[in-house]
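Below is one structure, written out as structure tokens; comments come after it.
The values are calculated or read from the model by the stated rules, or taken from the named source; none is laboratory data. Keep in mind that this is a model prediction, so the values were computed, not measured. Positions of Cβ are generated from backbone atoms using ideal geometry, with glycine treated the same way; all protein chains shown enter the neighbour counts.
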């Protein structure tokens, strides 16, 4: 099942990414928002764009450490949630994967600031709720595996978008922000984000394949 759901998730996250990446963007912007709130920053609304991107409303000036942590949390957000899902699957808690994911999307619903964002969150949330309340145990388990694979693969794929936005001249991409905060080049942070997301995918994928044996 782990191999099959992994292939399904790959198709959803890569070939069909233009239709599904808003779910990954929600996790990305949720990472920014959560770390911003935890570090005491007054975070504004989240907006999603048609091209799959998004933005979180931060004040023009925030403390250096809060800016650093909230920026890093964005591109690690989907992978971190995916690794949490791997842990729950390893403890036979597939239904928890669904309900915790649903709670996170409810949190995002109250942070969204544009119609597309509301549609993306509500659509994904309704799907998670329906699976959690109407599907049998084995079907929930399969969906849980696919969902976790999707988060891990989507976390890696999102780095491609960061690469093109950074090298397309953007001064507001996460890598560009990290360059401003640390004086290290944006390509260094692109490599760090990609390696972290890939490590999460390799480790999480290996764990799921082991769990399913």
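Among the listed residues 20, 5, 33, which satisfies the condition of being in contact with a strand residue (DSSP E or B) (Cβ under 9 Å, 6 or more places away or on another chain), crowded, with 16+ Cβ neighbours inside 10 Å and not in a loop (DSSP other than H, G, I, E, B)? First the steps, then the outcome.
Numbers: 20 fails: in contact with a strand residue (DSSP E or B) (Cβ under 9 Å, 6 or more places away or on another chain); 5 fails: in contact with a strand residue (DSSP E or B) (Cβ under 9 Å, 6 or more places away or on another chain).
Going through 20, 5, 33 in turn, just one is in contact with a strand residue (DSSP E or B) (Cβ under 9 Å, 6 or more places away or on another chain), crowded, with 16+ Cβ neighbours inside 10 Å and not in a loop (DSSP other than H, G, I, E, B): 33.
Please count how many residues of region 36-66 are touching a strand residue (DSSP E or B) at 6+ places or on another chain (Cβ under 6 Å) and farther than 21 Å from residue 110 by Cα.
Step one: of region 36-66, the residues touching a strand residue (DSSP E or B) at 6+ places or on another chain (Cβ under 6 Å) are 46-48, 54-56.
If we keep only those that are farther than 21 Å from residue 110 by Cα too, we end up with none.
Result for region 36-66: 0.
Can you name the condition, by its number, that residue 52 falls short on among (1) in a helix (DSSP H, G or I); (2) within 14 Å of the chain's Cα centre (by Cα)?
(1)
So, residue 76, is that one closer than 15 Å to residue 27 by Cβ, under 12 Å from the mean Cα position of the chain (by Cα), part of a helix (DSSP H, G or I) and modelled with pLDDT under 90 or not? Spell out how you get there, then give the answer.
Working: closer than 15 Å to residue 27 by Cβ: yes; under 12 Å from the mean Cα position of the chain (by Cα): yes; part of a helix (DSSP H, G or I): yes; modelled with pLDDT under 90: yes.
Criteria met by residue 76.
Given the options 104, 98, 88, 108, name the one that is under 17 Å from residue 128 (Cα atoms), modelled with pLDDT of 90 or more and touching a strand residue (DSSP E or B) at 6+ places or on another chain (Cβ under 8 Å).
On the way: 104 fails: touching a strand residue (DSSP E or B) at 6+ places or on another chain (Cβ under 8 Å); 98 fails: touching a strand residue (DSSP E or B) at 6+ places or on another chain (Cβ under 8 Å); 88 fails: touching a strand residue (DSSP E or B) at 6+ places or on another chain (Cβ under 8 Å).
Criteria check complete, one pass: 108.
What number goes with the only condition from (1) in contact (Cβ under 8 Å) with a residue 60 or more places away in the chain; (2) surrounded by fewer than 17 Cβ atoms within 10 Å (Cβ to Cβ); (3) touching a helix residue (DSSP H, G or I) at 6+ places or on another chain (Cβ under 7 Å); (4) more than 30 Å from residue 210 (Cβ to Cβ) that residue 48 does not pass?
All conditions pass for residue 48, except number (2).
Considering region 171-210 alone, what residues qualify as being closer than 15 Å to residue 28 by Cβ and either touching a strand residue (DSSP E or B) at 6+ places or on another chain (Cβ under 9 Å) or at pLDDT below 85 (or both)?
172, 173, 174, 175
Only one of these conditions is not met by residue 129: (1) under 17 Å from residue 143 (Cα atoms); (2) in contact (Cβ under 8 Å) with a residue 40 or more places away in the chain; (3) surrounded by 14 or more Cβ atoms within 10 Å (Cβ to Cβ). Which number is it?
(2)
Hey, among 65, 69, which residue is touching a residue at least 12 places away in the same chain (Cβ under 8 Å), farther than 27 Å from residue 148 by Cβ and not in a loop (DSSP other than H, G, I, E, B)? Step through it out loud before you land on a result.
On the way: 69 fails: farther than 27 Å from residue 148 by Cβ.
Every option except 65 fails the conditions.
Residue check: is residue 60 part of a loop (DSSP other than H, G, I, E, B) and either surrounded by 17 or more Cβ atoms within 10 Å (Cβ to Cβ) or more than 18 Å from the chain's Cα centre (by Cα) (or both)?
Numbers: part of a loop (DSSP other than H, G, I, E, B): yes; either surrounded by 17 or more Cβ atoms within 10 Å (Cβ to Cβ) or more than 18 Å from the chain's Cα centre (by Cα) (or both): yes.
For residue 60, the condition - part of a loop (DSSP other than H, G, I, E, B) and either surrounded by 17 or more Cβ atoms within 10 Å (Cβ to Cβ) or more than 18 Å from the chain's Cα centre (by Cα) (or both) - is met.
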